[in-house]
Amino acid sequence: MTNKTITLEEPGRFVLGETDAPSGPGPGDVLVAVRRIGICGTDLHAFRGQQPYFSYPRVLGHELGVEVLELGEGAEGVSVGDRCAVEPYLNCGRCRPCLAGRTNCCSKLQVLGVHIDGGMRQTITVPANKLHKSDCLRLEQLALVETLGIGAHAVDRSKVVDGEDVLVIGAGPIGLAVTQFAQIAGGQVTVLDINRRRLAFCRDLFGVPRTIVSGEDGAEPIDQVREAFGGELPTVVFDATGFPPSMNAAFELTGSGGRLTMVSLVQGDISFNDPEFHRKELTVLATRNSTATDFRRIISLIESGTADTTPWISHRTDFDEMIGEFPNWLDPEFGVIKAMVELE
């Protein structure tokens with residue numbers, strides 16, 4: 001049997017073809033039908049040829065909503081017909097971070113659709129312990145869990161407390177996920193970006209009370225941020241831009257004693273003024289992917305209605321039409337928040 005598959009052969013060139021279908025799940029594995037694929041910044045960067053730790057050709061797809069087709073020997077926790085989110089971070093389970101419960105920091109981590117071929121195909125085999133089921137969520141909601149997990153894990157790393165001033169720099173999908181979970185944690189969130197449309201989205205659909213157009217009317221961002229926070233700088237800052245100048249500037253925008261969390265990943269170096277860094281006694285955090293605990297918590301929050309997925313999906317397309325639509329999603333004029341690819 002064959003498996004309809006979209007492969008990114010090289011930067012800027014997808015190919016729709018057929019690959020060998022999995023012969024059946026091995027011990028502890030599960031064969032699933034891929035029903036929904038979310039498109040994220042990693043996929044866009046890979047298409048542009050700007051994704052770190054990436055080689056071509058590659059089958060993309062790590063934001064997945066799937067249906068269980070067949071269980072391998074010893075596979076537990078799911079049944080045939082279950083709808084699941086896929087935790088795409090395949091960790092070794094044996095290295096020091098894994099043994100310490102930091103599975104997202106596994107020294108041999110392989111991410112579906114990044115380091116190894118992902119889910120942009122009809123069927124795929126995954127370990128049973130990487131499936132997180134829900135009896136009530138829709139497939140597209142399950143495909144959103146991975147994106148939301150990035151934001152949830154970043155907020156958890158930063159230890160946002162109720163009522164704390166929070167600045168999110170960058171209103172792309174990752175910044176929006178950070179915003180949503182910072183709000184759930186009780187943070188008083190302000191979002192800064194250069195894109196007015198995305199800032200309007202934050203206000204209208206996420207209820208963010210204050211947004212800042214960076215550099216509007218020639219203003220310095222640090223002055224804009226101070227004004228937004230009543231003359232002070234926020235104690236929690238997240239940079240979700242993936243833009244080195246913005247990441248460098250984020251050190252200036254973080255208040256004394258504050259925490260700066262770098263959510264985005266770039267190819268290159270980040271620099272800061274050392275005397276100011278020490279004067280403020282800043283805490284700088286990296287955040288990487290998410291964990292099984294994050295997945296389970298997010299599914300529970302969506303099921304309870306605490307986390308609302310309604311605003312997220314702005315564009316949809318069928319699997320066979322994706323190649324023609326994909327370049328549009330790189331154009332800011334199309335206003336993409338989250339594109340979802342549908343398979344049946």
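The values are calculated or read from the model by the stated rules, or taken from the named source; none is laboratory data. Note that the structure is a prediction, hence the values are computed from the model and not measured. Ideal geometry is used to build each Cβ from the backbone, glycine not excepted, and the neighbour counts take in all protein chains shown.
If the requirement is being part of a helix (DSSP H, G or I) and touching a residue at least 60 places away in the same chain (Cβ under 8 Å), which of these qualifies: Val178, Val166, Val160?
Answer to the selection: Val178.
Are there any pairs, at least 6 apart or on different chains, whose C-beta atoms fall under 7 Å, with the first in segment 182-197 and touching a residue at least 24 places away in the same chain (Cβ under 8 Å) and within 12 Å of Lys159 (Cα to Cα) and the second surrounded by fewer than 15 Cβ atoms within 10 Å (Cβ to Cβ) and of a type outside the set (S, T, N, Q), and if so, which?
Once the first residue is touching a residue at least 24 places away in the same chain (Cβ under 8 Å) and within 12 Å of Lys159 (Cα to Cα) and sits in segment 182-197, its partners that are surrounded by fewer than 15 Cβ atoms within 10 Å (Cβ to Cβ) and of a type outside the set (S, T, N, Q) give Gly186/Val161; Gly186/Asp162; Gly186/Gly163.
Can you go through Phe47, Phe14 and tell me which one is in the same structural domain as Trp329 (by TED's automatic domain parsing) and closer than 15 Å to Asp320 by Cα?
Phe14
Going through segment 66-95 one residue at a time, which ones are crowded, with 21+ Cβ neighbours inside 10 Å and either over 22 Å from Pro27 (Cα atoms) or of a type in the set (A, V, I, L, M) (or both)?
Val66, Val68, Ala75, Ala85, Val86
Just checking, how many residues over segment 256-301 are assigned to a loop (DSSP other than H, G, I, E, B), over 24 Å from Phe229 (Cβ atoms), of a type in the set (Gly, Ala, Ser) and under 15 Å from the mean Cα position of the chain (by Cα)?
Final tally of qualifying residues: 1.
Mind counting the residues in segment 144-161 that are surrounded by fewer than 20 Cβ atoms within 10 Å (Cβ to Cβ) and either outside the structural domain of Ala249 (by TED's automatic domain parsing) or within 23 Å of Arg226 (Cβ to Cβ) (or both)?
1
Identify, from the list Val191, Val178, the residue that is in contact with a Cys (Cβ under 6 Å, 6 or more places away or on another chain), of a type outside the set (S, T, N, Q), buried (at least 19 other Cβ atoms within 10 Å of the Cβ) and at pLDDT 95 or above.
On inspection, the qualifying residue turns out to be Val191.
Identify, please: which residue in segment 112-130 is part of a strand (DSSP E or B) and more than 17 Å from the chain's Cα centre (by Cα) and is, among those, surrounded by the fewest Cβ atoms within 10 Å (Cβ to Cβ)?
Ile116
Does any residue in segment 96-110 that is buried (at least 16 other Cβ atoms within 10 Å of the Cβ) come within less than 8 Å, Cβ to Cβ, of a residue that is part of a strand (DSSP E or B) six or more places away or on a different chain, and which pairs are these?
Thr103/Tyr89; Asn104/Tyr89; Cys106/Tyr89; Leu109/Tyr89; Leu109/Leu90
Going through segment 257-283 one residue at a time, which ones are under 18 Å from Val160 (Cβ atoms) and surrounded by fewer than 16 Cβ atoms within 10 Å (Cβ to Cβ)?
Gly257, Thr283
Could you list, ordered by first residue, the pairs with Cβ atoms under 8 Å in which the first is in segment 215-228 and surrounded by fewer than 12 Cβ atoms within 10 Å (Cβ to Cβ) and the second is assigned to a helix (DSSP H, G or I) and among the hydrophobic types (A, V, I, L, M, F, W, C), at least 6 apart or interchain?
none
Tell me, please, whether a residue that is modelled with pLDDT under 95, among the hydrophobic types (A, V, I, L, M, F, W, C) and either touching a helix residue (DSSP H, G or I) at 6+ places or on another chain (Cβ under 8 Å) or not in a helix (DSSP H, G or I) (or both) can be found in segment 54-67.
Looking for residues that are modelled with pLDDT under 95, among the hydrophobic types (A, V, I, L, M, F, W, C) and either touching a helix residue (DSSP H, G or I) at 6+ places or on another chain (Cβ under 8 Å) or not in a helix (DSSP H, G or I) (or both), one finds at least one in segment 54-67, hence yes.
Among the residues of segment 307-344, what is the count of those that are part of a helix (DSSP H, G or I) and either farther than 16 Å from Ile37 by Cβ or of a type in the set (Phe, Trp, Tyr) (or both)?
Total satisfying the criteria: 8.
Could you grab the pairs with beta carbons closer than 6 Å, sequence gap of 6+ or different chains, first residue in segment 314-327 and more than 18 Å from Arg13 (Cα to Cα), second one small (Gly, Ala, Ser) and assigned to a strand (DSSP E or B)?
His315/Ala339
Only residues in segment 134-155 that are closer than 15 Å to Arg316 by Cβ and modelled with pLDDT of 95 or more count as the first member; pair them with residues that are of a type in the set (Phe, Trp, Tyr) and in a loop (DSSP other than H, G, I, E, B), Cβ under 7 angstrom, at least 6 apart or cross-chain, and list the lot.
Leu144/Trp312
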